[in-house]
Structure formats: structure tokens, C-alpha cells
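J.: Here it is, the structure in full.
The values are calculated or read from the model by the stated rules, or taken from the named source; none is laboratory data. Predicted model, so just to flag it, every value in this text is computed and none were measured. Note: ideal-geometry Cβ built from the backbone for every residue, glycine included; neighbour counts use all protein chains shown. To get the accessible areas, we keep the full protein, side chains included, count just its heavy atoms, and leave off ligands, DNA and RNA. Shrake-Rupley method; radii C 1.70, N 1.55, O 1.52, S 1.80 Å.
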Amino acid sequence: MTHAPLPRALLALTVILTLALGACGGSKSSSGGGEGDTPAAAGNQKKVLNLVRGSAHKNLDPVKQFDQASADIVSNLYDTVLSYHYLKRPYQLVPSLAENMPTASEDGLTYTFRLRKDVKFVDDECFPGGKGRTLNADDVIYSIKRFADANLNAQSYMLMAGFVEGMDAFREETKKAGKDADYGTLEISGLQKVDDFTFTMKLTQPNPLALLPLAASQLSIVPREAVEHYKADFERKPVGSGPFKVQKLSRRGVIILERNPGYHGVYPSEGDPGDKEAGLLASAGQKLPLVDEVHLPLIEEAQPRMLKFKRGQIDLLGFDKNNFRQMAFKDDKGFHLKPEWADKFEILSGESLSTEYFVYNMDDPLVGKNKALRQAIAYALDIPGFIKDMRNGRGVKMHTLVPLPIAGSERELKDLQRYDRDLAKAKEKLVEAGFPGGKGLPPLTVEYRNSSTDTRQEFEYHRAKLAEVGITLKANFQTFSAFLQRVDSGNFQMTISGWAADYPDAENFYQLTYGPNKRPGPNASGYQNPEYDKLYERSRFMPNGPERYAIFKQMADILYEDVPVFVTWTYIPVSMRQKWVKNRKLNSMITGHRFIDIDVAAKTKGVQ
Amino acid sequence: MLAYTIRRLLYMFPVLLGVAALVFSLFNTVGEDPVRVALGQHATPESIADLEAQWGLDQPLYKQFLDFLVQIATFDYGRSYDTGEKLSDMFAAGAPVSLSLTLPPFVIGLILNVSLGLLIAYYRGSWLDRFSTALFIGAMSISYLAYIIGFQYVLAYRMDWFPISGYEPGIEGLQFLLLPWIIYLVVSVGPDVRMYRTVFLDETGADYVRTARAKGVSENRMLFGHVLKNAMIPIVTYSMVAVPFLILGAFLMERFFSLPGIGDLMITAINNGDFPVLKGLTMLIAMGYSLIVLLTDIVYAWVDPRVSLS
């Protein structure tokens, strides 16, 4: 086939389009770009902390938020009566809106709180003249009533359920009254205003844990004016007294928080041993927050997050599995960056307040009624290998339910019995269970809450390890809600669960096997042991110390013997920071943006 | 034509009713339970009942379906279960982002790919045809995700020609869109040009082209005045059906470039069982699709006098 010369019009059109595209692709863009990731520009001395959100927040009304993404923002915009010390471990309560820690009455039932008189809500149109007013005891009582209101808080009320006089009755009343519940007529008898800056909280029984919820972000203090002014939109119009206020709020775009100049907090002057040497006390006594703005773009994928971090457009970033493998490693001394990154960034790790464990359904006719079988599985699983091979070594094998930074964890318990991988013992236990070499044992089914690649790999790992002793493991991958329905109704054999601390006390973890908490409560295994329950009840309201730890040891021994759950491991969060970021220490109970400082000169130089 | 249009508009009602029934059935049979997802594990029966009542999920199914039909009729889909935001606000925020991501490369791609298709068909059997066929088939064999990851890494991170990710409304935001546009064009060029080439080849081999050439019609006039015009029906069909989906954006692109569009919103809603968002988006797309199909038929008559609307 021969061709006539290329038609000129067609040639021209193609050339124009190609050039136009070339111009688009070839133009050099700014390296940063966007409000969310602007590096501290030379000449602009504003201290900007560039972070990233991996998921979008859902609700910024303190009593309605339940997800971590929302809590991170709420705790920067609102303040709580009490808070946690940024540096000290085990975690310690410290006053925040309260002037000092509350005083307890002689019978231990009534706490008296005195509030600071210098705290103001940020300016907002909901206030007369748009000027924020002073926060007072009425605001605290109003906020606690909102927390207890059944029409508002469906998710976190359990933090205070049962221990403040009249609070449960108030909740019932709000349920009856519906959305029109009038806080003017409905009272919580245990909460009393003494004067504008003093209130009391009366308990139903002495309880050293009663103060912990007052540091939770769900109990942030809100002004009534904002709730009534914004109505349903209050979920997206936060008006608080926290370290930051909103400059820009785009749920799926960039959030910019700017310093609240009226915030009262100061950087702590004391920390743990080693904190001073690590430079964590360099800002001691300085007014918080230490940065002018925090930029929080939403970046859901790991690759762009890491590329932006490498460019200096993000100041702090946690590792995902693949990036950890490419950039870091673990040895006996801890976590390290590979040489090509070690001079650019610093690696950080800490201990989380979470635990993972296998749950056996104690009502299941096979695994629930055969202790030796449960023990055989515990001996056959290879948890250190799992942590090393499947989690980049970012975890620690655990032997009790209580995470390591919490008082009463296995660090305080002597001569603890433990399940370490021992195939000979696993085989012995299988014989004892009536299934020598796995003969006659039907496949066991483990329930999973999703079917992601990660989950499937996790299953394959455990399946292979159990197969070595003749146990066949099957998986049931399902949607999250189907999983919840199955587990909460007891229609399962085994599953894998996790628990992150609502508050940093061992009680929050030992309740996971407490009889009355049977599913759909936190006791997913449905374990019932009166002896264990009595020990739990005895330890529950005791102060930490040898006596309490001795009870924990007895409880741990019972769980070792009965194995209703097999505690596997706790996650170690590993992250990187740019060298210009100061004062970073992992704190699982509070969001630490207010404590972070930026060396602007170093940042400008580093980004260039 | 007016009677035809009115009749076709009336046909839309049973179609939309069917879509509504299908969406509602799927949500209530295979979808996530939004209350369970919201409350997480260990939710008490009381808290489940409270939230179901709040969201109207304690009502009989027929009542829920009737409410859904009222929402469709009034274009008021209420608020997202997940975030409490008004659906209208969510769409208004997300749709411009998705359209700014997809519409410009769609238009540019249409012109570019039709031109390339015409060019390659014209040179059928030449080195250009063979080379482009190999190139486009190779390009089509690479996954969309690989283009995104590769281009983001090389062009944005390594070469620093574009921002890695981000979004701003207005002209400032153009810098964030250029790289996604290029990827969109690169991904679409293979299948589109191959398709248009085939269409044009059918036409260039037709008798009327041979007759035109024999009569001495210039190549320009033959290609643009005859071949292109006669190929418009499949081109219009192929491109118009893509239009309603432009508003959905491109899910992967939105996630990797942090563009807060509708695609990402849709996927999140599916994962969380956020039925109001799913209802709203599905019905919006169904209506858009029905209207576009009608518009396509009208355009047929405009581009090809042989087609009559009756």
C-alpha cells in the first residue's frame, strides 16, 4: 500500500497536542506545593510542623468521636480536666484544666476539682461579640452530661459507666427524653458545682481508676454556646480551649491548626531517666505549643507519604512494612536506619499500649472443652518467628495481657509461666488432648475480619506452623461486620483479637477474661472462672504495688493453665523524624503536637 | 424530536426504580452493617439498638425503601453515617475535584487519540503502524497502578518536575493535576488509539473512500470530510458513555495524589457501609448515565443524517 503525503492539518493537530502535553510534563514545579506540605520557607520564621494523616477523621464532637484520626484532632483543639505527663512512664496523670490534682475525701468517695481561672475558649461567632469567654465549672458539668447522654454517646460511655453517683440514672433519663433531654432539669447527683471554678465528683465506691476518664479526649470540655449555635454542624465546627485552633479544616484535604495564644500549658521540667540526655528537656518550662502551625494533609497511600518525607515535606512519619524493609533493620541493640539513610533521618521506637492474642471460644465443643488442645496450639505457634518474618521485628512476644509500659505488666511479675515454642511439648499435649499427631482432629477454623493480603499471609504463617504438629488450620475471611456478628454471638471456634488501652491500667486488660464481661462484652472467649473473677474484683480498685502485682501473678497463672486466650505479641511503633524535629517521644495516651519543636534554620537548610 | 426526548425521559423512571431496588437489596444483603462497623467489636445490644434507631435502620424494610424513593425524588440523601456531613456538601466538595482530574485529560485524550488513530490508520502497514501497535499493546499490558507508582516516583520525586501529591482549588491547584493528567493520557492512549484505528480502518477501506480518491478528492478533505464524519457514530458512543463516570474520578489516582474527589469517597463508603453516600452516588451516576445515553442518541442524529429520531 502506498501513501499520499501526510495531510498537513492532521500533522499540525498532532504536533500541537504533543507540544501542549510536553509543556505540561516538562515544566518544573515547586518541590513542595500545597498548603499541607509547605516546608518552612527561607525568610519566613513561622514554625510549621508538617505531619500527615493516614485516614480522614469522622467526627470532631468530643463525645461522638471514636476513631483515632478524630481523637488526634480533638485533643489538639480541646482541653481536658486532667491529662497525662508527656515524658514520664509508667503513664502519670497531671492536671490540665484543673489547677492541681483533685483532693479526695477521707472515705475516698468524693473528689474536689479546682479549675484554672485563666482558661478561655477560642474566639468564635457562637460567643457574644465573637470573643471567647472563660471556661468554668458549668462547662465541665455540661460536658460530662453530654458524655453521659445516651442520645449522643453510643460508643465510649463505658469509660465512666457504673462509678459516678447518679450518672447511669441520668443516662437512662436522657434515653427516655430522647433528643430533647433538658440538662437544666436532668442532673447527675454525683456532680456538684461548688463555685464558678470548683466542682465535686462523688463515686459509688472508692476507685483509684475514676480519674482516668477525665483525661480522655471524649471528655474534652466544650462550651454550651457552640453546641447550641452550630447544632448538628458542631461535629465539624470545633470550639475549644486546647493548644491549637482551626485555621483550615478540610476533612479529605489539608487541615491547618494554628497556635492558640491563650493556651495555658507549659513544657514539663521533669522526665524519665535519660530524657535529659536525649534532649527531651531542652524546652522545659516553655509555653506551649512550641510551633506556630501544624499542617495535616490527608495522604492515604504509603508511597507518597514516604516520598514526601524523604523530600523534607513531612517531619515525622511511621514506617509501613515495605518501607521499613527498604530503609531500616533490627538487630540486638534495637532499630536502625540503613547507612544510606542514617545521616539524613533519625529512627524512633517506643512501646505501645496494645496487645494481640488468640481467642478460643470456650463454648465451642472442641477447643472450648479441651484444655490440652489449646495448650498444644500455644506451644506450636511461633510468635517470635512471626514477629521477625511478618512484622519486620517490630514487636515483642508477650506472656500476659498487660502491655509492657503499664504497671503490673510481666516486668513486675516474677517466675511467670510462659508458652515458648516447643514442638515436643505441643505433641505431648496433643496426645493428652486425644489427638496424637493430630490424628482424628478435625480442621480448626480461625475467623478473620478482612481478607487483605496481610491477613492472608498471617494466616498462612500460623497454618504452616501448626501443620508441623499435625493440626490443620482453616480460615474464614469475611467482612468486618460479618466478623463482628459471628464473634459477638459466639458463633466461632478461634479468632485473633487485639486490645489497645482505654486507660493505662492493668485492669483494662485483665477485664478481657473477666466472666461478667462475656461477649458481646470484651471477654470474647466467654471464659468463666469464679476464682479468676474474684481475683480480678479484688485487684480492680487496688493501688499499684506488690500486693496488687501478686494478684496479677495469680491471674496470669490461671490464664496460663486454662488458656482461654493465648497472648501473642505487642506492637512496637517505629518511626522516623527529620533532624530538625525536637522533643519527640512516643506517648500512647496523648497527642504530642503541642510539645514538638522545630529548628527552623536547620529545616530550611535541610529542605534545600 | 421533542416527543422522542419526552418519551425517553419517561423511560428513565422504571430504570431508576430498578437501580434503586437493586442498590437497596444489595446493601441489605451483602453490604457491611453500618451500625456494627461504627460501633466496632464488643458493642452492646443497647448501643446497637440506639444507633439503629438514630439512623432509621430499625424501621421495616419497605418503609426504609419508601424513604429512599422520597430521597431520590427530592435529591436530598441526608447525611453520611460515617461523618455526619450533608451529602450535598460532600458531593459539592468532591465533584469539582474529580472533574478537574478527569475532564481535561478526557477532552485532550479524545482529540489526541482520535488524531493518532486517524494518523496510524492512514499509514496502515507502515513502520509507524507496526511500531505504534507494539508500543500500545506493551503500554496496555502495564497496570494502571504501576504507571501511577512509577511516574510519581520518577517524575515527581526523582526529577522534581511535579509535586508528589496534594490539592488546592483554583489555578494554584493546576500544578497538582498535571502529573495525574499525564498518567490518565498515557493509560488511555493505548486502548483508545487501537479502538479508533480499527474504526478508521473500516472506513478507509470503504467503497466511498476509493471513489472519492478516484474523483481526485484531496487527502485532507477525504480524511476530515468523509472518513472522520462517517466514523463519528462509534467514536461518539465510545466517548459519551465515559462521561458520567468522569465525576467518579479515578479512585487510585485520587488516593495516590491526595485528591479529595468522589472516587475515594465512594470506596470509603463501600468499606464502611455508608449507605447514604452509596445511595446518593449510585443514583447520581444512574441518572447521569441515562441522560447521557439519551444525549448520545440525539447526537447520532446530528452527526449522521441517516439516523432519524422517531
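J.: Restricting the first residue to the range A:301-322 and requiring it to be within 10 Å of chain B (Cβ to nearest Cβ) and of a type in the set (S, T, N, Q), which pairs with a second residue that is assigned to a loop (DSSP other than H, G, I, E, B) and open to solvent by 10 Å² or more (accessible area, probe 1.4 Å) meet a Cβ separation below 7 Å and a spacing of at least six or different chains?
T.: Hits for this filter: A:GLN313/A:PRO39.
J.: Tell me which residues, restricted to the range A:455-500, are of a type outside the set (D, E, K, R), without any contact (Cβ under 8 Å) to a residue 60 or more places away in the chain and closer than 30 Å to A:GLU428 by Cβ.
T.: Correct list: A:PHE459, A:ALA464, A:ALA467, A:GLY470, A:THR472, A:LEU473, A:ALA475, A:ASN476.
J.: Something else: Quick one: which residue in B:LEU265, B:LEU185 is assigned to a helix (DSSP H, G or I), touching a residue at least 24 places away in the same chain (Cβ under 8 Å) and either surrounded by fewer than 23 Cβ atoms within 10 Å (Cβ to Cβ) or away from chain A (no Cβ under 12 Å) (or both)?
T.: Among B:LEU265, B:LEU185, only B:LEU185 is assigned to a helix (DSSP H, G or I), touching a residue at least 24 places away in the same chain (Cβ under 8 Å) and either surrounded by fewer than 23 Cβ atoms within 10 Å (Cβ to Cβ) or away from chain A (no Cβ under 12 Å) (or both).
J.: Evaluate the range B:147-156: report whether one residue or more is aromatic (Phe, Trp, Tyr) and part of a loop (DSSP other than H, G, I, E, B).
T.: Within the range B:147-156, none of the residues are aromatic (Phe, Trp, Tyr) and part of a loop (DSSP other than H, G, I, E, B).
J.: Next question, about the same structure. So which residues in the range B:188-220 are within 10 Å of another protein chain (Cβ to nearest Cβ) and farther than 14 Å from B:LEU119 by Cα, if there are any at all?
T.: B:ARG213, B:SER218
J.: Hey, any hits in the range B:113-122 for a residue that's more than 10 Å from chain A (Cβ to nearest Cβ), small (Gly, Ala, Ser) and open to solvent by 40 Å² or more (accessible area, probe 1.4 Å)?
T.: The answer is no; no qualifying residue exists.
For (1) at pLDDT 95 or above; (2) of a type outside the set (Asp, Glu); (3) touching a strand residue (DSSP E or B) at 6+ places or on another chain (Cβ under 8 Å), each residue gets a yes or a no:
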| position | (1), (2), (3) |
| --- | --- |
| A:PRO95 | yes, yes, yes |
| A:MET101 | yes, yes, yes |
| A:ASP123 | yes, no, no |
| A:ARG133 | yes, yes, yes |
| A:SER156 | no, yes, no |
| A:MET160 | no, yes, no |
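J.: Here is a follow-up. In the range B:139-152, which residues are without any contact (Cβ under 8 Å) to a residue 40 or more places away in the chain and open to solvent by less than 60 Å² (accessible area, probe 1.4 Å)?
T.: B:ALA146, B:GLY150, B:PHE151
J.: Filter the range B:157-182 for residues that are without any contact (Cβ under 8 Å) to a residue 12 or more places away in the chain, more than 7 Å from every other protein chain (Cβ to nearest Cβ) and not in a helix (DSSP H, G or I) and give the result.
T.: Passing the criteria: B:MET159, B:GLY170.
J.: Go through the range B:77-110 residue by residue and tally those that are of a type in the set (Lys, Arg) and in contact with a Leu (Cβ under 9 Å, 6 or more places away or on another chain).
T.: 1
J.: If we scan the range A:429-452, do we find a residue that is among the hydroxyl-bearing types (Ser, Thr, Tyr), more than 24 Å from A:GLY490 (Cα to Cα) and within 35 Å of the chain's Cα centre (by Cα)?
T.: no
J.: Condition first: among the charged types (D, E, K, R) and touching a residue at least 60 places away in the same chain (Cβ under 8 Å). Now tell me which residues in the range A:241-265 satisfy that.
T.: A:LYS245, A:LYS248, A:ARG251, A:ARG252 - these are the residues of the range A:241-265 that are among the charged types (D, E, K, R) and touching a residue at least 60 places away in the same chain (Cβ under 8 Å).
J.: Go through the range A:424-532 and tell me which strands (runs of 3 or more DSSP E), entirely inside it, have 3 or more residues that are open to solvent by 10 Å² or more (accessible area, probe 1.4 Å). Break it down into steps so the answer makes sense when it comes.
T.: On the way: elements: A:444-448, A:473-477, A:494-500.
Fully inside the range A:424-532 and qualifying: A:473-477, A:494-500.
J.: Suppose the filter is buried (at least 17 other Cβ atoms within 10 Å of the Cβ), of a type outside the set (Ser, Thr, Tyr), over 22 Å from A:PRO102 (Cα atoms) and within 14 Å of another protein chain (Cβ to nearest Cβ); does A:LEU186 pass it? Quick ask: steps written out before the conclusion?
T.: On the way: buried (at least 17 other Cβ atoms within 10 Å of the Cβ): yes; of a type outside the set (Ser, Thr, Tyr): yes; over 22 Å from A:PRO102 (Cα atoms): yes; within 14 Å of another protein chain (Cβ to nearest Cβ): no.
No: the conditions fail for A:LEU186.
J.: Mind telling me which of the residues A:LYS193, A:LYS248, A:LYS176, A:LYS231 ends up being open to solvent by 10 Å² or more (accessible area, probe 1.4 Å) and away from chain B (no Cβ under 14 Å)?
T.: Matching residue, one of A:LYS193, A:LYS248, A:LYS176, A:LYS231: A:LYS193.
J.: A:ILE558 fails exactly one of the following numbered conditions: (1) modelled with pLDDT of 95 or more; (2) touching a helix residue (DSSP H, G or I) at 6+ places or on another chain (Cβ under 8 Å); (3) under 27 Å from B:ALA38 (Cβ atoms). What is the number of that condition?
T.: So A:ILE558 meets the others, but not (3).
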